[in-house]
1. If each of A:Phe131 and A:Ala377 carries a label point 7 Å out from its Cα toward its Cβ, how far apart are those two points in nm?
2. Over what distance in Å are the Cα centres of the range B:95-171 and the range B:173-234 separated?
3. Over the Cα atoms of the range B:280-340, compute the convex hull volume and normalise it per residue, giving Å³.
4. For chain B, modelled as a GNM with alpha-carbon contacts under 10 angstrom, which of B:Leu49, B:Leu325, B:Leu129 fluctuates the most?
5. Let me make sure I get this right: for the protein assembly as shown, a, b and c are the square roots of the gyration tensor eigenvalues over alpha carbons, sorted descending. Under 1.5 in a/c it's rounded, otherwise prolate if a/b > b/c, else oblate. Which is it?
6. So what is the relative contact order for chain A, in percent, with contacts set as C-alpha pairs under 8 Å and at least six apart?
7. For chain A, what does -39500 (n - 2.57) per DSSP helix run (n ≥ 4), summed and divided by total residues, give at 222 nm, in deg cm²/dmol to the nearest 500?
8. What does the charge count around B:Lys228 come to, taking other residues whose C-beta lies under 14 Å from its C-beta (Lys +1, Arg +1, Asp -1, Glu -1)?
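Just so you know, all these numbers are worked out from the coordinates, no wet-lab data involved. None of the values given here were measured: they were computed from a predicted structure. Note that each Cβ is placed from the backbone with ideal geometry, even for glycine, and that neighbours are counted across all protein chains shown.
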There are 2 protein chains.
Amino acid sequence: MKQNGFYAQSGGVTAVINVSACGVLETARMHGDRIGKIYAGRNGIIGALTEDMIDTSQETDEAIAALRHTPGGAFGSARYKLKGLDENRAEYERLIEVFRAHDIGYFFYNGGGDSMDTAHKVSQLGTELGFPVTCVGIPKTVDNDLPVTDTCPGFGSVAKYVAVSIMEAALDVASMAKTSTRVFILEVMGRHAGWIAAAAGLAGKDPGSAPHIILFPEIPFDRGRFLKRVSDSVQRHEYCVVAVSEGTRHPEGRFLAEAGTRDAFGHAQLGGVASTVAGLIQSELGLKYHYAIADYLQRSARHIASAVDVEQAYAVGEKAVELALDGHNAIMTSVVRTSDSPYRWHIGHVGLEKVANQEKMMPREFITEDGFGITEACRRYLEPLIQGEDYPPYRDGLPCYGGLRNVAVPAKLGD
Amino acid sequence: MKQNGFYAQSGGVTAVINVSACGVLETARMHGDRIGKIYAGRNGIIGALTEDMIDTSQETDEAIAALRHTPGGAFGSARYKLKGLDENRAEYERLIEVFRAHDIGYFFYNGGGDSMDTAHKVSQLGTELGFPVTCVGIPKTVDNDLPVTDTCPGFGSVAKYVAVSIMEAALDVASMAKTSTRVFILEVMGRHAGWIAAAAGLAGKDPGSAPHIILFPEIPFDRGRFLKRVSDSVQRHEYCVVAVSEGTRHPEGRFLAEAGTRDAFGHAQLGGVASTVAGLIQSELGLKYHYAIADYLQRSARHIASAVDVEQAYAVGEKAVELALDGHNAIMTSVVRTSDSPYRWHIGHVGLEKVANQEKMMPREFITEDGFGITEACRRYLEPLIQGEDYPPYRDGLPCYGGLRNVAVPAKLGD
């Protein structure tokens, strides 16, 4: 008796979350003798809660293959965190009810730490309610902050985007500094962990090359030392390039730029740290600045995705299906690194309880002693993740990003 | 008696200004029997005024060839405008003095409208002072605002970057809109002319697709109509993607976001229009927003340069040398379009007096009647300019951008 599967995307999407979807769907199609249809949640887990699911069996093989080079979330994602079992047991029960109605025995949840927590609870409650569901998490976060897995698919491509972009902008600033902009600031994502900011450091292999300063969430912002460093850099190189994480904080813990609003997960909505830092440079040093805010561009930049990241994003999806069919439950697929150089990796797995609701910060030894740069150890870790280019096909000068039909599965339950 | 040449980059650099340099230098090397060394201005025209020139003959053929895939300005550029002949005749005389001392009979000036004015005056004064200099302008501006030439090298690559980026970000926003960001704003360059903002429109070929709103400098900002349009788009599509030009103005002429400072050309320094627009959406419509500011990333993004733009940037440099050697003076090379589809072009030339200090705005018929989008005529004009990809070589996951030795020419004059 083969059961169906349910796949959902969760949280902020990435340039390669659809690559993982492609891995899940193509692998499930190869095992049509053991697994039924794969339904996808329209707008993530919300699609299961509202019984608004997409029948992926209605998509052609070509459409599924095109997911491999298409950014965004093909079925819709959601910033929606299920509360604890005690607080909102009804929501979990509803999930199981929908799964039961559609004979869904496999739950593939593609997200970060919050999502792994949800998958874990669904696995527990299904058993408790007499409808066991095999729950397999598929890691995804541009922030690279999931524990255990060597890296999170999505991160390598942001890392490559940020490193390439700051390298290019630095060449621009360097050539103009004599008469124009002296300080250039690139604001990047990374609420609590400085991995993306660290990736900017990949651009500066040679001593003295940009970026001259990286501001990490892990290192409390020291106004005086920062301004001195900017000033020194301008004196020495004529210009200064700064990469600043949106999560950079004052010593007392407050973000440099809090917008004052919170998202559905209760996280503070950030934005504008670049203008805060620029304003400081303007008022204290009187230097001409420019700043860029990469925002969503960085996490959707499939056009400059890392080939390694694409390969891993596919592999964590593919392996999730294989492990589920082999009877593994309550696990997340993970990337296991066995060598830095040459870079070697394979896909492993880890119990969901070990990754749920945890964040992996940058180790202190990855940040230089002065707090403004990355160490050789960090470079050895990061460099393999941005290797290779995996360009999408183009037509009329633009990438041919795929679209799905997203046909609804007829509902069987009421509200 | 073969004379030397002087090449200088001017104003904001682009992803392909070095491609034009490559065209000049490679072509001059091919005509070593008719033209001597090419000296480049260190930091643009300032290098000539201070007799700080770079001897490009010291660079290998490989280093010159690498300019073809390297963004920024390889010799340094400058925001430095020579004043009128009456106001500052001494500066022009100094230029001629330096040219005479180094036997420079050819002046190749790679820049925008201000630079063409300078080249024109140098041509006039050289003759007047008995040291005739053949002056040939090479068009460059990301703003695409030079008259006569069909397009300006540099623009096609920004256009491609902006169209690709907003297409990618729109996929991200579309997949998250149900529970997260409803409005995404991308701020792009273009102080007075909306060409770059228009390029965002290339991403939205199908009706209803993003960007849903483009704000042009040519169309006075209408607060009420804009907010209604945002609201309608969110209602119809669940989300709204906006491309806003930094040069967007209030009806009375004031920029939406003036930073209050001015650059060396006396132009107002802009920045932050995205946050102004976002703030308006937040306060009036209460919608969750995100915004990106592409800033220098857009004009240095050689990694996603348009192949057509690269080819044209080379050709305007190559042809400048050929025309100069054929005795043409006081001209600028230009791109002449002979057909939209299939796209056909060749390099022509135009008298400097026709392009100096002039700006080419978007024609009103390129903007839809409602002022928020581009017309089919605009699309027919823009689409050929972003055709083809011209990827740089990569090593260790990053582009191999070239660097020059930039050896100084020994000075012959004092200050």
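1. 4.9
2. When both Cα centres are located, 31 Å separates them.
3. 198
4. Looking only at B:Leu49, B:Leu325, B:Leu129, the biggest GNM fluctuation is shown by B:Leu129.
5. Judged from the Cα gyration tensor, the protein assembly as shown comes out prolate (a/c at least 1.5, a/b above b/c).
6. Relative contact order, chain A: 23 percent.
7. After summing the helix terms and dividing by the residues of chain A, the value is -10500 deg cm²/dmol.
8. Once all neighbours under 14 Å are counted, the net charge is 0.
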